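Read through the structure below, which is laid out as structure tokens, and then see the notes.
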Amino acid sequence: MNNRQLTTNGTGRLGRLTPLGSPPLRKPPGGFARRARANLGAGRLQKTLSALTAIGAAGLAFEIYLEHYKASFGDKWMWTPIVLSPPLAAAGAAGVFSERAARTALPLLSALYCLDGVVGAITHIRGVRNKPGGFREPLYNLVMGPPLLAPGSLILVGGFGLAAPLTGREI
């Protein structure tokens, strides 16, 4: 076989071709954890941050839709996170498989998502302020009004996408 042999990697399944006479390739103990630690220590998190962005945007889209549906989509700005979440989730998923997508589409959509979170924070503060009693009735209005910290989750997920192109790609 041209100076190569098939190895079983100790599992009984055929593995990689190795040079004749060399020991079989074996997965080091704790391989995934060790590789993850090495990637983290070297600042290589692009795939991980892209995946977190995709998963976070998809989950937030569903949750935001339910909350804004309860509020009858009373403000046109309530639609923006619903519209931005699917493209951001797609860009995050693409960033897992393509470095080019992680460096182009993902940061662009993530910046829009962060900006939408800032707009959401402003509109939620206005929403609490406009309720009867405003901030003078915090117990009622902060519980029954729009959640003040919810738009921060858009900023956080968008921040993952903005950070992805600044890091190296995992090995």
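The values are calculated or read from the model by the stated rules, or taken from the named source; none is laboratory data. As the structure is a prediction and not an experimental result, all values here were calculated from the model. Positions of Cβ are backbone-derived with ideal geometry, glycine not excepted, and every protein chain shown enters the neighbour counts.
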Discussion item. For the stretch 87-108, give me each residue that is more than 12 Å from the chain's Cα centre (by Cα) and not small (Gly, Ala, Ser).
Written reply: Pro87, Phe97, Glu99, Arg100, Arg103, Thr104, Leu108
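Here's the yes/no breakdown for (1) among the basic types (Lys, Arg); (2) surrounded by 15 or more Cβ atoms within 10 Å (Cβ to Cβ):
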{"residue": "Phe73", "(1), (2)": "no, no"}
{"residue": "Met78", "(1), (2)": "no, yes"}
{"residue": "Pro86", "(1), (2)": "no, no"}
{"residue": "Arg100", "(1), (2)": "yes, no"}
{"residue": "Tyr113", "(1), (2)": "no, yes"}
{"residue": "Arg126", "(1), (2)": "yes, no"}
Response to the item:
Exactly one of Gly168, Gly152, Gly161 is in contact with a Leu (Cβ under 9 Å, 6 or more places away or on another chain), modelled with pLDDT of 95 or more and not aromatic (Phe, Trp, Tyr), and that residue is Gly161
Fill in: Scan of the stretch 35-68 for residues that are buried (at least 17 other Cβ atoms within 10 Å of the Cβ) and within 15 Å of Tyr113 (Cβ to Cβ), ordered by number
Leu49, Ser50, Leu52, Thr53, Ala54, Gly56, Ala57, Ala58, Leu60, Ala61, Ile64
